[in-house]
Every structure is written in structure tokens, then in C-alpha cells.
1. Indicate the gyration tensor shape class of the chain (rounded, prolate or oblate), computed on the Cα atoms with a ≥ b ≥ c the square roots of the eigenvalues: a/c under 1.5 is rounded; otherwise a/b larger than b/c is prolate and the rest oblate.
2. Give me 22, 29 sorted ascending by neighbouring Cβ count inside 10 Å, so fewest comes first.
3. Just want the ordering: 56, 4, from fewest to most Cβ atoms lying within 10 Å of their own Cβ.
Amino acid sequence: IYNIYTASPTDKTQASSGVIVYADKDSVYQRMRKKVIMHSRNDFDRVPGIGSAKRIEYNADGRAVAADSSIRQARSRFR
């Protein structure tokens with residue numbers, strides 16, 4: 001469960017990597033570590049799919065560019 005209402009706006013000067021957790025008619029929400037950030041849906045040519053790990057950067061025109069991210073989740077055993 002993610003507290004979408006606590007999402008902070010993204011900093012367009014820095015790239016963000018994380019999993020897309022939700023998208024509505026106005027925003028796209030991305031989980032970065034333990035916080036959720038929001039991107040304007042209008043900045044995307046094509047909105048990334050929910051559940052996909054993406055790296056989102058903004059170009060000089062202010063448009064969002066989403067690329068596959070190298071985020072991986074793994075299970076491990078500590079003995």
C-alpha cells in the first residue's frame with residue numbers, strides 16, 4: 001500500500017529511478033526507495049506501464065523520457 005497523497009512533485013533537473021505504482025488522468029506516480037514522487041502525465045508521449053521499473057529523465061524541452069531501469073529485487077538468505 002502506497003500513500004499516494006504524500007507524493008512530492010519531481011525535480012525535473014535530476015533523473016529518477018523506480019517502479020511506476022499508479023497513474024491517473026493527471027499524474028504518474030513512481031516509488032523511489034521509500035518515497036513516492038509524481039510526474040505530470042502531460043509530460044509523457046507514452047505513459048509507462050504500472051509495475052514497470054523505469055528511469056525517467058527530462059529533456060531540454062521539459063518532456064519526460066522513460067527508459068528501462070536496472071532496478072532488481074532479489075531474495076536472499078542470511079545464514
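Here, each number is a calculation from the coordinates, and none is a lab measurement. Source: prediction; values computed, not measured. Positions of Cβ are generated from backbone atoms using ideal geometry, with glycine treated the same way; all protein chains shown enter the neighbour counts.
1. prolate
2. 22, 29
3. Arranged by neighbour count, lowest to highest, 56, 4 become 4, 56.
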